[in-house]
Amino acid sequence: MSQIAFWGAVELGLVYAFVAVGVFLAFRVLDFPDLTVDGSFPLGAAVTAVLIIAGVNPWLAAAVAMVAGAAAGIVTALLNVRFRILNLLASILTMIALFSVNLRVMGKPNVALINADTMLSPFYGLGLRDFYVRPLFVGILVLVAVVIVWRFLESDAGLAMRATGANARMARAQGVDTSRQIYLGMAISNALVAFGGALFAQTNGFADVTSGVGTIVVGLAAVIVGETLFGARGILIALAGCVLGSILYRIAIQLALSTDMLGLQASDLNFVTAALVTVALVLPRLRRGGAA
C-alpha cells in the first residue's frame, strides 16, 4: 500500500470517526438502534455542497449541515416518542424519506465541488503535502468533537442521557425527562453524522445521494472494533476507541483491496466490510470462550 493510499485511508477513517461517535451515542448511550445515519450523512454532504456552490462560507455551510442532521434525528425521535413507532422502524422511515430530501436539496444525484473553496483551502500551500494536510485538519476537528462529547456525557445532562439508555423506567422514577433525552441524544448523534458528511464532501470534492449507503455498518464496525480493543473502560476511552476503530477499519479495508494476493477489487468492498465486522463481533466471544 502506497503512502498516499495509507494517509487517504487515515483521512477517511477520521471523517467517519464523526459517524462512529454519533452511532456510539445512539446505540451505546441511548440504546436506540438508529438507521437515520444512512440518510443524515449524505444530507450533511448535500447541504454543504449546495451552500458552498452558492457562495456560502464553508464553515457556515458545515454548521447548517449539522442543524439539518439534528433535525433529521429529531424527526426520528418524534416518530418514536410521540407516535410510539418502534425505534428501529422510525429510523428506517426517516432514512427512506431523507433519500428524496437529499435529491431535492441537490436537485440532481451528485454535486461537484471542483475548484470551490472549502474549510481546508487556507491550509494548502503551507509547505505540507495535501495528503498530510487533510488528515491533520480532520484529526484536530475529531479531537475537539471527542473532548466536547466526553465533557457533555460527564455532565448532569449527559448522566441523565446515559441513565435513560441504561434504564428508562428507573430514570423516570428519578425525575429524568426521558423523552427529552431521546430528542437531545438523537439530535446530537445525527448532527455529528451530518458534520462527517460535510467533511466528506469537502475533502473528496463532491456530494452524492448514494454516499450514505452502508454508513450505519461503517459506524457500527468502528464502535465494535474500538470496544474489542479497549473494552469498557469509561466514556473517554470508549470515544477514543470509536476514533481508533474507524481509522483501523479503513486501513484494513484499504489493505484488503490493495493486496493482489487476495484478488479483491473495489466492487468487493461490501463483502470485505461484512467480513471485517463479523470478525470484530466473533473475536470477543472466542476470547470469552477460551477464558472459560
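Computed quantities for the displayed model
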| item | result |
| --- | --- |
| Using θ = phi - 60° and Karplus 6.51 cos²θ - 1.76 cosθ + 1.60, couplings along region 200-212 (whole Hz; Gly, Pro as x) | 4, 5, 7, 7, 9, x, 6, 10, 10, 5, 9, 5, x |
| Long-range amide H partners of Ile85 with built H, under 5 Å | Asn80 |
| Whole-Hz ³J(HN,Hα) from phi, Karplus 6.51 cos²θ - 1.76 cosθ + 1.60, for region 79-90, glycine and proline x | 4, 7, 7, 7, 9, 6, 7, 3, 4, 5, 5, 4 |
| Option label - Cα Rg over 2.2 N^0.38 Å computed here, alternatives (i) 1.30; (ii) 0.95; (iii) 0.99 | (iii) |
| Ala173 versus Asp156: modelled label distance in nm, points set 7 Å from Cα along the beta carbon direction | 2.2 nm |
| Exposed trypsin sites (Lys or Arg not before Pro) absent: longest stretch of the chain, with sites in DSSP loops and at most 13 other Cβ within 10 Å deemed exposed | 130-232 |
| Gly205 long-range amide H proximity, modeled H, under 5 Å | none |
| Sulfur and carbon atoms: percent of accessible area, region 3-290 [1.4 Å] | 65 percent |
| 222 nm mean residue ellipticity, helices alone, for the chain (DSSP H n ≥ 4; -39,500 (n - 2.57); rounded to 500) | -25000 deg cm²/dmol |
| Probe 1.4 Å, all protein chains present, accessible-area order of Asp208, Asp177, largest first | Asp177, Asp208 |
| For a label point 7 Å along the Cα-to-beta-carbon line of Gln265, residues of region 1-19 with backbone N under 13 Å | none |
| Relative contact order (percent, whole number), the chain, Cα cutoff 8 Å, 6+ residue spacing | 35 percent |
| Full-stretch length increase - Ile53, Leu86 - with 0.36 nm per residue and alpha-carbon distance subtracted | 8.0 nm |
| Two-site FRET efficiency, Leu281 against Thr210, from Cβ-Cβ distance with R₀ of 22 Å, rounded to 0.05 | 0.25 |
| Dipole-positive endmost among Ala9, Val21, Leu255 within region 3-290 (Cβ charges, Cα centre) | Val21 |
| Computed accessible area, Ile96, all protein chains, 1.4 angstrom probe, square angstrom | 100 Å² |
| Under the Karplus curve 6.51 cos²θ - 1.76 cosθ + 1.60, θ = phi - 60°, whole-Hz ³J(HN,Hα) for region 249-256, x wherever Gly or Pro sits | 4, 5, 5, 4, 4, 5, 5, 4 |
| Rounded accessible area per residue of the chain, 1.4 Å, Å² | 48 Å² |
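The values are calculated or read from the model by the stated rules, or taken from the named source; none is laboratory data. Keep in mind it's a predicted model, so treat the numbers as computed, not measured. Note that each Cβ is placed from the backbone with ideal geometry, even for glycine, and that neighbours are counted across all protein chains shown. The protein model used for the area step is the full one, side chains on, heavy atoms only, and it has no ligands, DNA or RNA in it. Shrake-Rupley method; radii C 1.70, N 1.55, O 1.52, S 1.80 Å.
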